[in-house]
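Beneath this line is the structure, given in C-alpha cells, with notes to follow.
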C-alpha cells in the first residue's frame with residue numbers, strides 16, 4: 001500500500017505542488033470520512049481514512065471518541081438537508097463545501113452523480129488542544145478553555161483550512177477520480193443499482209485516490 | 001403568568017378578577033361590617049381622587065384602551081381612525097406560538113425599573129402582614145403585569161396599547177450595589193438554580209408540560225424558558241446600560257408616621273445625598289413619586305386624607321394614597337394568593353425560593369388597591385415622564401447630533417487622529433468630545449451626551465419604540481468605539497441589533513440579516529474579549545438566538561449558529577450546554593420547508609441535535625427530559641425517513657436503538673418500576689406485559705408509547721435485512 005501511494009505521488013506533484021508546499025507536515029492531519037449515498041439516502045459505500053500527505057499515516061483520527069463514531073453518519077445525514085437545497089442552485093456536479101458542523105469542525109463536501117447517487121466527504125482538522133499527536137505545537141487557542149474552539153486556530157493556517165481553494169481543488173480531484181471508478185464499478189454486470197458496493201477493487205482505488213489527493 | 005414554580009398544575013392560577021366579590025365571601029369573619037364600609041369608602045375615594053380608571057376591572061378595561069389622565073391633545077390624537085387601526089399591539093396576539101411568548105418575555109425583561117424607598121414605619125406595617133422584605137416585597141409581584149392596557153405614544157405621535165406592560169420594582173438601597181452573596185458570579189448562580197430546578201422537579205418539568213403550537217412545532221421547553229428569564233434578569237445594574245437604573249423613585253410613608261412631611265423630605269434627601277444615594281453614574285433626573293400608605297385597621301381615614309391633600313399641595317400630581325389592612329391574612333382562608341414574581345426578581349436567590357411554602361397571603365381588597373396604585377403610577381406618571389424625557393432628549397441632544405453639524409463634528413473627531421492633537425477642542429459641545437469617558441471608572445458621567453443618548457435609546461426601548469431606539473443606538477455605537485468605551489460599545493451594538501429584530505414593522509426583507517449578525521458579532525467580541533464579561537455576552541448571544549429564531553426563514557440558520565457559538569465559548573455549564581443543544585434543534589426545526597418540493601427544511605439537522613440532547617440528558621441522569629427529546633427527534637425524523645422510521649445508516653440506527661433502550665430503562669427505573677423487567681420489554685414477545693404496566697399511568701403513555709412501538713418495528717425490520725445480508729457479505733469480502 002505504501003509503495004503504491006509513493007508511486008502515485010510523483011505523477012501528481014505537478015498539479016499538487018502548490019498544495020504540498022503549503023502543507024506543514026506537522027499540522028495537516030486531516031481525517032476523512034467518505035460516503036456514497038443512494039438516491040434514497042441508503043449508504044452504498046463508506047470509508048474512513050486520514051491524510052497521507054506530509055508524513056500522515058493515512059489513519060483517521062476523528063475528534064469523537066472511539067465509541068462515538070456514529071457521529072460521522074449523523075453529520076453526513078444531517079447535511080443532506082443542505083445538499084437537497086444546494087443541488088438546485090449549483091449547476092456543477094461538484095458542489096464544493098456545503099455544510100459545517102461547528103462543534104466538531106467537520107466540513108462536508110458534496111459531489112452529485114447523474115444517476116442520483118451522492119458522494120459526501122466529511123473532513124475534519126485534528127483536534128488541536130487535546131490532540132495526542134504532534135500538532136500541539138500550535139499552542140492552545142481556546143478562549144475559555146473549552147474544547148472545540150479550534151475553528152479559529154485552524155483557519156489561521158491555510159494548510160489546515162478545509163475551505164481554502166487548495167483544499168477545494170484537491171477534493172475535486174479526489175471526487176473526480178472516485179467518480180470514474182464508481183462509473184466503472186456501476187457498469188459491472190454483477191452490480192445492480194442501489195446495491196451496496198462491496199467490490200474490494202473499488203475500495204482499494206478509493207483508498208489510493210485518497211492517498212493521492214488528500 | 002406561568003412561573004417555573006407554577007408549572008405544576010396543582011397550584012391555582014393567580015386570579016385577576018377584582019377581589020370584591022371573593023373578598024366579601026372569604027374575608028375573615030371578624031370584620032364583616034368594617035369590611036363593607038371600607039369597600040364603599042374605597043369607591044368614594046376613588047371618585048374623589050379624580051382617577052378615571054378607578055379599579056382595574058379587567059373585563060371592562062380590556063374592551064377599550066383607556067388612557068387615564070391623558071392630556072387633551074393626546075386623547076384627540078388617539079381617536080383618529082388611523083391610530084385606532086393600529087392601536088392594539090401586543091405580543092400576546094399570537095399567543096399559541098411559542099416564539100411569540102419568548103418575544104414577549106424578552107420585551108418585558110427590559111421594562112422600566114422603579115426604585116422603592118419606604119420609611120421605617122411603612123416597612124413595619126408591611127412586615128406585620130407577613131412580608132419580611134417590607135413595602136418593596138409587597139408590591140414587587142404586582143409590577144409584573146400592569147392590569148389593563150397601557151397606551152404609549154411613540155416618537156412620531158402614534159399610540160399603541162400594550163396589554164402586557166410591566167415594570168420592575170427594585171429596592172432603592174440595592175440599586176447599583178452588588179449583593180453580598182454574589183461572590184460566585186451570576187453565571188455560576190444560574191447554574192446552581194438550574195441544577196436545583198432539575199433536582200426538585202425530578203425531571204418532570206420538561207416533558208409533561210411541553211406544549212405544542214398550532215403547526216405542531218415544538219414550543220420552548222419550560223426549562224429553557226426559565227433559563228432565559230433568569231439570564232435576562234440576572235444582569236447586574238451596570239453603568240453601560242440604563243435598564244437597571246431607576247426611572248422613578250417611589251417614596252412611601254405610612255399613616256403611622258408622626259412627622260410625615262419631614263420623613264418625606266428625609267427620604268427625598270436620601271436619594272440625592274448621603275451614603276444611600278445610587279452610584280454617581282446613575283442619572284439623578286428620575287421621577288419622584290410619593291405614596292401614603294394608610295392603615296385601614298388602626299388609623300383614621302380622615303386624618304390620612306387630610307395628610308394626603310397636604311402632600312398633593314406640596315408635591316403635585318405624583319402622589320397616591322394606598323389603603324392597606326395591617327393584619328396578616330390567614331393563609332388557610334381563600335384570599336387571593338400572592339402571585340409569585342417570576343422573571344423580574346433581581347436576585348437569583350429569590351428565584352430559588354420560588355414555590356416554597358410560607359408565601360404570604362393578601363386580602364383581596366389589598367391586592368385590588370395595590371393593582372390600582374401601580375396602574376396609576378405607571379399610566380399617569382411613569383410613562384408620561386418617560387415619553388417626555390425621550391421627546392426632550394431627542395430634541396435637544398439627538399437631533400443636534402443627528403444634524404449636519406453633529407455629523408460633521410463626529411467625522412472631524414474621527415479624522416482628527418491624523419496628526420492633530422486638538423481633538424478635544426474640535427469636539428466642542430455638539431458631538432461630545434472623547435474626554436467624557438472616564439477610562440478608570442469605565443463610565444461616562446450621566447450628563448454627558450453619550451450617556452444621555454444611551455439613556456434616551458433605552459427609554460425608547462422600554463417604551464417599545466424600537467425604531468427610535470435602533471436609530472439612536474446606531475448613531476452612538478461608533479462614538480463609543482472611538483472613545484474605546486468597550487462595554488458601552490458592546491451594549492449599543494447588542495441593543496441595536498435587538499431592537500432592529502424586535503421592530504415588527506421592519507419586515508425580514510428590509511432589515512439586513514448580515515448587518516444584524518455583524519452587530520452581534522461585534523457586541524460579543526467586545527463583551528468577551530475586551531471586557532471579559534461573560535454574563536453579558538451570554539445574554540447577548542441568547543437574545544440573538546431567540547430573536548433570530550422567531551424571525552423564521554433564513555434567520556434560523558444564524559440563530560442555530562449563535563447557539564452553537566454559546567456552547568463553543570463555554571459560557572454555560574453542563575446543564576446549560578444541553579439546553580443550548582435543545583435550542584439548536586429548535587432553531588433548525590423552526591425552519592419550515594416551503595413549496596411542494598419541501599426545500600429548505602432542516603429536519604435532519606434538528607433531529608440530530610434532538611438526539612444529541614437526549615443522549616446528554618440521559619448522561620446527566622434526566623431520563624424524563626431525554627425521553628421528551630427523543631420523542632421530539634422521532635417526530636422530526638418522521639418526514640425524512642422512510643415510512644418504517646428506520647435510519648438508512650446502520651450505525652445511526654444502532655445508536656438510536658441503544659439510546660431508546662437506555663432511556664426507557666432509566667425512565668422506568670426513575671418512575672419506580674422494576675428495572676430488571678424493562679430489558680425484557682425490548683423483546684417483542686413481551687410487549688403485552690409492558691402495555692399492562694403502561695395502563696397504570698395513562699398520562700405517561702404518550703411518552704413511553706411511541707418509542708416502544710417504533711422500537712419493536714425497528715427491530716423487526718432491521719433484523720430481517722441484516723440476517724439475510726450479512727453472511728453473503730462476509731463471503732464476498734473474503735472472495
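The values are calculated or read from the model by the stated rules, or taken from the named source; none is laboratory data. Please read these numbers as outputs of a predicted model, since none were measured by experiment. A quick note on method: Cβ atoms are made from the backbone with ideal geometry, for glycine too, and the neighbour counts reach across all protein chains shown.
Which of the residues spanning the range A:104-122 are outside any strand (DSSP E or B) and either touching a residue at least 40 places away in the same chain (Cβ under 8 Å) or under 17 Å from the mean Cα position of the chain (by Cα) (or both)?
A:104, A:105, A:113, A:115, A:116, A:117
Just checking: which of the helices (runs of 4 or more DSSP H) contained wholly in the range B:254-355 hold 3 or more residues that are modelled with pLDDT of 85 or more?
B:260-272, B:301-315
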Any chance residue B:148 is part of a loop (DSSP other than H, G, I, E, B) and free of Cβ contacts under 8 Å to residues at least 40 places away in the same chain: no
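Of these, B:585, B:559, which one is surrounded by 24 or more Cβ atoms within 10 Å (Cβ to Cβ), within 14 Å of chain A (Cβ to nearest Cβ) and over 19 Å from the mean Cα position of the chain (by Cα)? Break it down into steps so the answer makes sense when it comes.
Details: B:559 fails: over 19 Å from the mean Cα position of the chain (by Cα).
Residue meeting the stated conditions: B:585.
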Provide a single number: the residues in the range A:48-96 that are at pLDDT 85 or above, in contact with a helix residue (DSSP H, G or I) (Cβ under 6 Å, 6 or more places away or on another chain) and more than 8 Å from every other protein chain (Cβ to nearest Cβ). 3
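Results for (1) at pLDDT below 85; (2) more than 17 Å from residue A:205 (Cβ to Cβ); (3) within 14 Å of chain B (Cβ to nearest Cβ); (4) in a helix (DSSP H, G or I), shown as yes or no for each residue.
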{"residue": "A:141", "(1), (2), (3), (4)": "yes, yes, yes, no"}
{"residue": "A:154", "(1), (2), (3), (4)": "yes, yes, yes, yes"}
{"residue": "A:159", "(1), (2), (3), (4)": "yes, yes, no, no"}
{"residue": "A:163", "(1), (2), (3), (4)": "yes, yes, no, no"}
{"residue": "A:177", "(1), (2), (3), (4)": "no, no, no, yes"}
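Quick test for you: out of B:625, B:636, pick the one residue that is buried (at least 24 other Cβ atoms within 10 Å of the Cβ), more than 10 Å from every other protein chain (Cβ to nearest Cβ) and more than 17 Å from residue A:77 (Cα to Cα). It would help to see each step written out before you state the result.
Details: B:636 fails: more than 17 Å from residue A:77 (Cα to Cα).
Sole residue among the options that is buried (at least 24 other Cβ atoms within 10 Å of the Cβ), more than 10 Å from every other protein chain (Cβ to nearest Cβ) and more than 17 Å from residue A:77 (Cα to Cα): B:625.
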With respect to residue B:534, is the statement that it is closer than 23 Å to residue B:198 by Cβ and within 12 Å of chain A (Cβ to nearest Cβ) true? yes
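Residue under question is residue A:45, and the condition is that it be modelled with pLDDT of 85 or more and away from every other protein chain (no Cβ under 14 Å); does it hold? Break it down stepwise before answering.
On the way: modelled with pLDDT of 85 or more: yes; away from every other protein chain (no Cβ under 14 Å): no.
In short, no.
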With the first residue restricted to the range A:185-214 and required to be within 11 Å of another protein chain (Cβ to nearest Cβ), and the second required to be surrounded by fewer than 18 Cβ atoms within 10 Å (Cβ to Cβ), Cβ contacts under 6 Å at 6 or more apart or on different chains are A:198/B:732
Tally time: how many residues in the range A:100-111 are under 20 Å from residue A:210 (Cβ atoms) and in contact with a helix residue (DSSP H, G or I) (Cβ under 6 Å, 6 or more places away or on another chain)? 6
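Residue by residue, here is whether (1) farther than 23 Å from residue A:75 by Cβ; (2) crowded, with 24+ Cβ neighbours inside 10 Å; (3) within 19 Å of the chain's Cα centre (by Cα); (4) more than 9 Å from every other protein chain (Cβ to nearest Cβ) holds:
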site: B:540; (1), (2), (3), (4): yes, yes, yes, yes
site: B:550; (1), (2), (3), (4): yes, no, yes, yes
site: B:594; (1), (2), (3), (4): yes, no, no, yes
site: B:609; (1), (2), (3), (4): no, yes, no, no
Every listed condition ((1) within 10 Å of another protein chain (Cβ to nearest Cβ); (2) in contact (Cβ under 8 Å) with a residue 40 or more places away in the chain) holds for residue A:101 save (2)
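Can you name every residue in the range A:195-214 that is part of a loop (DSSP other than H, G, I, E, B) and more than 16 Å from residue A:32 (Cβ to Cβ)? Lay out the reasoning, then the answer.
To start, the set of residues in the range A:195-214 that are part of a loop (DSSP other than H, G, I, E, B) comprises A:195-199, A:214.
Within the range A:195-214, A:195, A:196, A:197, A:198, A:199 meet the criteria.
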